[in-house]
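Asker: After the structure tokens below, expect a handful of questions from me.
The values are calculated or read from the model by the stated rules, or taken from the named source; none is laboratory data. Since this is a predicted model, take the numbers as computed values, not measurements. When we count neighbours, we look across all protein chains shown, and the Cβ atoms used for this are built from the backbone with ideal geometry, even at glycine. Only protein heavy atoms, including side chains, enter the accessible area calculation; ligands, DNA and RNA are left aside. Shrake-Rupley method; radii C 1.70, N 1.55, O 1.52, S 1.80 Å.
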Amino acid sequence: MDRLYADHNATSPLRPEARDAMLRVLDLGGNASSVHSEGRAARRALEDARESLARTLECGADAVTFTSGATEALHLAMESAKAMVFGPIYVSAVEHDAVWSYTQRLWPDAQIIPVNEGALIDVDWLDHAFRVHGGQPLVIAQGANNETGTIQRIDAISTRVRAAGGALLCDAVQLLGKVSVGQFAGLADWLVVSSHKIGGPMGAGALIAAPGIEVVNSRAGGGQERGARSGTENVAALAGFAAAAAVACRDEAVLAFQDLTSQARHGFELAVATTLRDVDFVSHRVRRLSNTSCLVVDGWEGARQVMAMDLAGAAVSAGSACSSGKVKMSRILKACGYSDSAAASSIRVSFGWSSRIEDGARLAELYLQAAARAGRALSTQAA
């Protein structure tokens, strides 16, 4: 039987539309910074991708800065915010490691926005902090958490930040293609998106800057992207990104994605919840992405769960894929109030565009068989 892939929040398989777009550009040759005919053809392909992504994200093409991925885009936005001298700095406790580690370098005194047990940002805490500390605050808040699937109230956060005269940086990587663009477009001063979470190629991302907001390049180089970054653009990957986004982000496509993945997830969670004792589904009481299930079986190490599922023919993850080779206690679950033992005993299941509804039940069957082999208590012998 074919392997079952349930790690779309890490990387989603390449869509055929993205592959076709990439092959067309690869056949062009040329560098988009060159002035000869081949270079101009590459430049046209690059600008076509920019205009396409801008239409998808409901912004102007001049707002789009292409990058090598979300990490570069996030760091570029953070460096820009520092150059614009916003402060105080507030960063949510559940940000991706790309933000978390760089915040500690740029702003060691940044204040941490607490979250509840479902990884939902405490907006009332922000209100209080703004009143007490004043200034022109910078808030860094992801749109949806990559581990738990929690969807943050970006509209409420944006309203409060703007009322305080501050700026908002939003990591929208996990929102793209999973919720309607209209739910987050125009809400952040810097918005970051990535290609390979929606079926585009790896190595492509973008930073979307609001009108009047700077993108400051602190790196020496060729001054690509209108001087906003340094490094030759990967035109083929960016064309694939734009093509994937155009397909994935249509309203009807988002609704179809939500219907498919919610049914697959329901099949998985229902079977596991009714059979495996002492399982906890993180964030199931708050609004979360339709495709994501984060579960804790305290005392069954997450790394062992992932290995057991891999041997059984299924791909799941423990924590963030960007920490591959370093599977460890989840910082996100610790921020939610989970114990050290529980935070080290979580896995994430994430379905995607290429999943099938029946994948949920099949994955649950494999998971329960692995749990039984690991000596976990089951409520029935069916597994």
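Asker: Look at Leu175 and say whether it is in a strand (DSSP E or B), within 19 Å of Leu207 (Cα to Cα), touching a residue at least 12 places away in the same chain (Cβ under 8 Å) and out of contact with any Leu (no Cβ under 6 Å at 6 or more places or on another chain).
Answerer: No.
Asker: Could you please let me know if Asp171 is in contact with a Gly (Cβ under 9 Å, 6 or more places away or on another chain) and acidic (Asp, Glu)?
Answerer: So Asp171 fits the description; yes.
Asker: Are any residues in segment 141-153 touching a helix residue (DSSP H, G or I) at 6+ places or on another chain (Cβ under 8 Å) and open to solvent by less than 10 Å² (accessible area, probe 1.4 Å), and if so, which ones?
Answerer: Those that are touching a helix residue (DSSP H, G or I) at 6+ places or on another chain (Cβ under 8 Å) and open to solvent by less than 10 Å² (accessible area, probe 1.4 Å): Ala141, Gln142, Gly143, Asn145, Thr148.
Asker: Then there is this: Does any residue of segment 321-331 turn out to be open to solvent by less than 60 Å² (accessible area, probe 1.4 Å), under 22 Å from Lys197 (Cβ atoms) and at pLDDT 95 or above?
Answerer: no
Asker: Within segment 141-150, does at least one residue satisfy the condition of being closer than 20 Å to Ala167 by Cβ and over 20 Å from the mean Cα position of the chain (by Cα)?
Answerer: No: zero hits.
Asker: Follow-up. Restricting segment 179-201 to residues that are out of contact with any Gly (no Cβ under 9 Å at 6 or more places or on another chain) and under 23 Å from Trp353 (Cα atoms), which is surrounded by the most Cβ atoms within 10 Å (Cβ to Cβ)?
Answerer: Only one residue fits best here, namely Val181.
Asker: Pull up segment 83-111, narrow it to residues that are of a type in the set (Gly, Ala, Ser) and touching a residue at least 60 places away in the same chain (Cβ under 8 Å), then point me to the one that is surrounded by the most Cβ atoms within 10 Å (Cβ to Cβ).
Answerer: Applying the filter and picking the extreme gives Ser92.
Listed here are the residues, each with its yes/no results for (1) open to solvent by less than 10 Å² (accessible area, probe 1.4 Å); (2) farther than 24 Å from Ala83 by Cβ; (3) modelled with pLDDT of 95 or more.
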{"residue": "Ala167", "(1), (2), (3)": "yes, no, yes"}
{"residue": "Gly205", "(1), (2), (3)": "yes, no, yes"}
{"residue": "Gly223", "(1), (2), (3)": "no, no, no"}
{"residue": "Glu269", "(1), (2), (3)": "no, yes, yes"}
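Asker: Right, here's the next one. Out of segment 71-82, which residues are farther than 17 Å from Leu126 by Cβ and open to solvent by less than 10 Å² (accessible area, probe 1.4 Å)?
Answerer: Within segment 71-82, Ala73, Leu74, Leu76, Ala77, Met78, Ser80 meet the criteria.
Asker: Which pairs have Cβ atoms under 7 Å, sit 6 or more apart or on different chains, and link a residue in segment 67-82 that is under 16 Å from Asn234 (Cα atoms) to one that is assigned to a helix (DSSP H, G or I)?
Answerer: That search, which allows pairs on different chains as well, returns Thr67/Ala73; Thr67/Leu76; Ala70/Ala98; Thr71/Ala98.
Asker: Continuing with this model, one more query. What is the residue count in segment 12-58 for residues that are assigned to a helix (DSSP H, G or I), open to solvent by 40 Å² or more (accessible area, probe 1.4 Å), in contact with a helix residue (DSSP H, G or I) (Cβ under 7 Å, 6 or more places away or on another chain) and among the polar types (S, T, N, Q)?
Answerer: The qualifying residues number 0.
Asker: Considering only segment 332-383, state which residues are among the β-branched types (Val, Ile, Thr) and over 18 Å from Ser293 (Cα atoms).
Answerer: Thr380
Asker: Shifting gears a bit: Name every residue in segment 178-232 that is closer than 26 Å to Ala156 by Cβ and without any contact (Cβ under 8 Å) to a residue 24 or more places away in the chain, in order of residue number.
Answerer: Across segment 178-232, the qualifying residue is only Gly212.
Asker: Go through segment 357-381 residue by residue and tally those that are assigned to a loop (DSSP other than H, G, I, E, B) and either buried (at least 18 other Cβ atoms within 10 Å of the Cβ) or out of contact with any helix residue (DSSP H, G or I) (no Cβ under 7 Å at 6 or more places or on another chain) (or both).
Answerer: Within segment 357-381, residues that are assigned to a loop (DSSP other than H, G, I, E, B) and either buried (at least 18 other Cβ atoms within 10 Å of the Cβ) or out of contact with any helix residue (DSSP H, G or I) (no Cβ under 7 Å at 6 or more places or on another chain) (or both) number 5.
Asker: Kindly provide the set of residues from segment 179-194 that are within 15 Å of Ala244 (Cβ to Cβ) and within 10 Å of the chain's Cα centre (by Cα), ordered by number.
Answerer: Those that are within 15 Å of Ala244 (Cβ to Cβ) and within 10 Å of the chain's Cα centre (by Cα): Val193, Ser194.
Asker: A follow-up question, please. So which of Glu58, Glu79, Glu117, Glu72 ends up being in contact with a strand residue (DSSP E or B) (Cβ under 7 Å, 6 or more places away or on another chain) and of a type in the set (Asp, Glu)?
Answerer: Glu72
Asker: Testing Val215 on (1) open to solvent by less than 20 Å² (accessible area, probe 1.4 Å); (2) within 26 Å of Ser34 (Cα to Cα), one condition comes back false. Which one is that?
Answerer: Only one criterion is unmet by Val215, namely (1).
Asker: Could you please find all residues in segment 271-295 being under 15 Å from Thr150 (Cα atoms), in contact with a strand residue (DSSP E or B) (Cβ under 7 Å, 6 or more places away or on another chain) and buried (at least 20 other Cβ atoms within 10 Å of the Cβ)?
Answerer: Selection gives Val282, Ser283, Arg288, Leu289, Asn291, Thr292, Ser293, Cys294, Leu295.
Asker: Looking only at segment 292-300, decide whether some residue is of a type in the set (Asp, Glu), more than 24 Å from the chain's Cα centre (by Cα), modelled with pLDDT of 95 or more and within 28 Å of Leu4 (Cα to Cα).
Answerer: Yes, the conditions are met somewhere in segment 292-300.
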